[in-house]
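Below is one structure, written out as structure tokens; the observations come after it.
The values are calculated or read from the model by the stated rules, or taken from the named source; none is laboratory data. Everything quoted here is computed from the prediction, not taken from an experiment. All Cβ positions, even for glycine, are placed from backbone atoms using ideal geometry, and neighbour counts span all protein chains on display. Side chains included, ligands, DNA and RNA excluded: accessible areas come from the protein's heavy atoms. Shrake-Rupley method; radii C 1.70, N 1.55, O 1.52, S 1.80 Å.
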Amino acid sequence: MKNTFIILLFFFLFTKVTFAQVYDAGKSKEWSNVDNSEYKSEGISTIKNLDFSKIWQDPNYNVLGIIGENYQKLGVKYISIIKDPENPNTYLVYGKSIVKNNICEFQGKIEIIQNYIPKEINPRYKTSGFIIANCIFYENSLQNNSGYFKGVLRTYYGVNKDNSMEYPDDGDEPDSNYNNGFVGTWTDYKTKKSKLSHWGSDFVPMSNDLNVAQAIGDFIANKKYQNNGWNTDFRKDWWK
């Protein structure tokens, strides 16, 4: 309840940010592209009663991220996600980020703008597919080295016969292992300079040669980036 109050207060008093289209910034636009041979647009009205927060906050998945061209390791934790009471396809988010030993709180929103379903129906699910969402997350400006994240999120989902949500599992499909990929930028409040910033559940989308085990669905950081935070793990429960 406390986090819910914080998020609602933040949005209704301090922000009026809206998105008319996919955040167009190089790789973010590329990440939102759709393979029209396998998927078709379904519209977002059909998913307004679903709750994607379970997938975004699934404790079984570790969020891996990067910031900057040197692929500095970034940690992201969504602590609380609730639906906007005025827009069921918008979610209000409270979380924390960590780079090296610097931790920042952030608040923002995930706004679903597109929904796609496979042309060939998966009999395992009542419905399945993936969504494209615009995201903006503002770190606390009173904390050190703070800024804001802005970009595009792609999330695959499956809805069971009982209307419960889960990660889709199609056997050997890439989305069985890779999900919740965010591709965008982080902009420093003080300098106004932006850096690339990507993250995902147990993988980092569009990160070139960072992952040397991508072909087998695992994540092992390339040795050339080890000194950028990949040779150590963040302390357990760093967000608490």
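For the chain, the fraction of 1.4 Å probe accessible surface lying on carbon and sulfur atoms is 48 percent. Mean projected area of the Cα convex hull of the chain, taken over all directions, amounts to 13.4 nm². By the rule of a C-alpha distance below 18 Å, with chain neighbours fewer than 8 residues away ignored, the lysines paired with residue 190 are 150.
Cα centroid separation, the range 46-95 to the range 199-240: 18 Å. Taking all protein chains as they are arranged and a probe of 1.4 Å, the heavy atoms of residue 69 leave approximately 150 Å² accessible to solvent.
Taking Cα pairs under 8 Å and at least six residues apart, what relative contact order does the range 93-240 come out at, in percent? Don't skip to the answer; put the middle values down first.
Numbers: 276 pairs, mean separation 22.2, N = 148.
Once divided by the residue count of the range 93-240, the mean separation gives 15 percent.
With a 1.4 Å probe and all protein chains in place, put 191, 155 in order of accessible area, largest first.
Details: 191 80, 155 0 Å².
Of 191, 155, the descending order of accessible area is 191, 155.
Rolling a 1.4 angstrom probe over the protein heavy atoms with all chains in place gives the range 98-240 an accessible area of 51 Å² per residue.
In this label model, residue 27 and residue 119 are separated by 3.0 nm, measuring between points 7 Å along each Cα→Cβ vector.
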